Amino acid sequence: MFVCGLRAGSSEEEEEEDVMDILQKRREECERKARRGEMDPRLEFTFQLLIDGTGLPRHAIMDHVFEGNMLDDINQLFLPHMRNKLLWYYQEVEEIVEPKPVPEGSKPRAQGQGKQPPPQTVWKKKLFLSDGWDVKFTGICIYMFRINVSKQLPEEGFHKDLFCGILNAARVGLVTAVERVMEHVYMGALAHPGGDADEDEARFPIVKNQLLPALRSFCSALKVCEDVCNQVNLFDDGQALMANVKDHSELKEMTKNATTITNLEDRVNEWIKKVMEILSESEQLRREVDSSGPQDELEYWKKRGAQFSQLVSYLQDNEVQLTLTCLQLANSKVIKQWRETDHKITFCYNEAKDNAKFIQAMEKCCHSLYLDDPVKIKDSILSLLQTVRLIHSVSQFYNTSERISSLMVKITNQMIETCKQYITCRFKETIWSQDRSVVRDKLIHCINLKKTYRETYVQVKNQPFLPNAEQFSFSENYVFGKFDTFCKRLNKIITMFDLMEDYTHLFQKRMEGLLLGEDLEEAMHTFEEAKKAVTSCQYDYLDYRNNDFDKDYQVLK
């Protein structure tokens with residue numbers, strides 16, 4: 001199925017016809033094989049992936065594949081020691097269209113007519129292979145890759161060794177798409193493998209201890225990168241007022257023009273207004289969801305640090321510097337206001353950079369809160385709280401009680417969230433759909449986590465630290481109040497389990513001698529009705545703010 005060489009001496013039209021004939025024959029051969037069910041299943045899978053990714057009909061995909069001579073490249077992905085990846089782009093590309101030649105026998109009717117018109121540039125959507133570097137990604141990307149290329153990809157079961165996906169630059173964006181796939185697909189598969197997860201963890205501890213934490217940090221960096229990529233240059237107002245200024249003497253000459261100075265002052269005032277909107281965020285209380293965890297705090301300061309780092313780099317632009325210098329030479333009153341703004345920028349930049357540095361030191365300790373169960377989290381609490389205390393004692397900007405206590409609350413929030421996921425098998429089960437003894441053990445583990453958390457806090461608080469350092473002490477009700485209330489709910493659920501088991505055990509013994517037959521039947525019926533009412537409710541039993549549970553609990557009790 002290779003394209004034959006062109007015959008010597010043939011005209012361009014004949015050569016083009018030969019190529020088109022060969023391509024058409026290859027298409028027809030593939031179609032015949034597909035209809036007979038003889039096509040390589042790996043090729044069929046590839047074609048279907050391209051159809052799903054582009055939305056094109058099958059015949060259009062065939063046209064792109066054969067016209068782009070992609071079949072050999074696709075086959076190389078299946079062979080040993082050949083390609084390990086394929087990357088298709090489906091997007092608009094620039095093409096040069098040669099005009100049709102003027103027939104030799106035709107005579108121009110007027111001067112200038114009959115000449116060969118110039119080539120035209122058109123934009124056309126096209127499916128083509130890329131290495132990811134040669135063309136900018138602007139449309140749809142379909143990718144396939146395999147890890148192990150030492151063996152041929154088998155026709156049966158090839159899905160196990162082949163990874164594929166679709167990225168849409170216009171709808172989601174490259175950075176966001178990669179972050180989502182990494183976090184929700186690959187990390188999920190690694191953190192919660194099918195089969196015997198405990199056995200896999202014992203055999204491959206490096207996955208749990210090193211790979212998953214590294215992937216979490218990588219995804220966090222991608223989220224920050226996405227936010228920074230979307231940031232606009234506040235100082236780019238679309239004007240190039242200083243483009244023609246070559247030296248200092250020209251700047252002095254500009255100061256003599258009152259209209260120019262007024263325009264520059266308006267420009268700087270607009271810059272100040274935009275910058276102050278960003279600076280005011282430091283002075284306002286951040287609006288956060290009630291379930292924010294320490295990772296949210298970390299990413300906030302990472303983004304803030306990157307934001308001000310980029311802002312400072314924009315300040316170095318020639319247009320900005322010359323504008324400020326010109327107003328300074330003109331003794332403009334705006335310069336005083338700008339200097340105050342510049343000092344605030346410097347302060348916020350140093351604050352964000354310092355806070356990001358210290359909070360990032362805590363990231364390694366926080367991985368356990370997101371990756372481990374409550375039993376294993378207990379082992380990392382001491383190092384986590386010691387790191388928080390170090391930040392409280394050493395950090396120049398983050399050492400306020402408000403910020404540290406807010407960070408502690410976020411740690412508490414994540415512990416509660418992890419406990420909920422642990423109890424419900426990542427929200428796939430309820431406390432009633434699982435074996436009651438298993439759920440009871442999980443509830444006890446969560447209660448023990450809270451107990452260890454409080455005890456470790458007291459231990460760290462009482463440890464001697466730096467001399468003259470501010471005491472590491474906060475409102476325990478503010479920091480631990482949610483966890484206390486959550487654990488009260490867990491204790492009530494355990495009590496409810498005990499009540500059900502006790503009553504069931506009593507009724508199984510028929511409560512001989514205690515109740516007469518009719519009274520016994522009525523008591524059993526009442527109990528079963530109350531039990532059914534409690535266990536069939538649609539609300540979240542672990543939501544400690546839901547008072548409906550407390551009412552049902554009192555009824556059963």
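So how many Å³ per residue does the convex hull of the Cα atoms of the stretch 281-371 work out to?
So the per-residue Cα hull volume is 104 Å³.
Taking every eigenvalue of the Cα gyration tensor of the chain, multiplying by 5 and rooting it, what semi-axes result, largest first, whole Å?
59, 46, 21
For a quick size check, give me the Cα extents of the stretch 357-430 along its three principal axes, largest first, whole Å.
Computed over the Cα atoms, the extents are 46, 21, 17 Å.
Once you treat every alpha carbon in the stretch 363-556 as an equal point and sum by Debye, what is log10 I(q)/I(0) at q = 0.15, 0.17 Å⁻¹?
Cα-only, vacuum Debye calculation for the stretch 363-556: -0.92, -1.09.
In Å and whole numbers, how far do the C-alpha atoms of the stretch 425-514 stretch along each principal axis, longest first?
71, 35, 18
Could you give the semi-axes, largest first, of the ellipsoid that matches the stretch 132-188, computed as the square roots of 5 times the alpha carbon gyration tensor eigenvalues and rounded to whole Å?
After scaling each eigenvalue by five and taking roots: 25, 15, 9 Å.
Restricting to DSSP loop positions (anything but H, G, I, E, B) with no more than 11 other Cβ atoms inside 10 Å of their own Cβ, which chymotrypsin sites (Phe, Trp or Tyr not before Pro) remain in the stretch 124-154?
Loop-located and lightly packed - Trp133.
So which chymotrypsin sites (Phe, Trp or Tyr not before Pro) in the stretch 377-427 pass both tests, a DSSP loop state and at most 14 other Cβ atoms within 10 Å of the Cβ?
Phe427
Work out which GluC sites (Glu not before Pro) in the chain are exposed loop sites (DSSP not H, G, I, E or B, at most 16 other Cβ within 10 Å) and give the longest gap free of them.
The reported range is 289-428.
Mean Kyte-Doolittle of at least -0.5 and a Cα length of 15 Å or more along the axis: which whole DSSP H helices of the chain meet both?
Helices passing the filter in the chain: 41-54, 212-229, 258-283, 318-329, 381-394, 401-423, 476-508.
Tell me, what does the Kirkwood hydrodynamic radius of the stretch 113-257 come to in angstroms if you use every pair of distinct C-alpha atoms?
When all Cα pairs of the stretch 113-257 are included, the Kirkwood radius is 21.4 Å.
If R0 is 41 Å, what FRET efficiency do you get for Gln471 and Thr346 from their C-beta distance, rounded to 0.05?
Working from the Cβ atoms, E equals 0.85.
Which shape class, rounded, prolate or oblate, goes with the stretch 216-355 when its Cα gyration tensor gives a ≥ b ≥ c as root eigenvalues, a/c under 1.5 marks rounded, and past that a/b bigger than b/c marks prolate?
It comes out prolate by the Cα gyration axes.
Quick note: the coordinates plus some simple rules give every number you see, no bench work behind them. In this text, all values refer to a predicted model and were calculated from it rather than measured experimentally. Note that each Cβ is placed from the backbone with ideal geometry, even for glycine, and that neighbours are counted across all protein chains shown.
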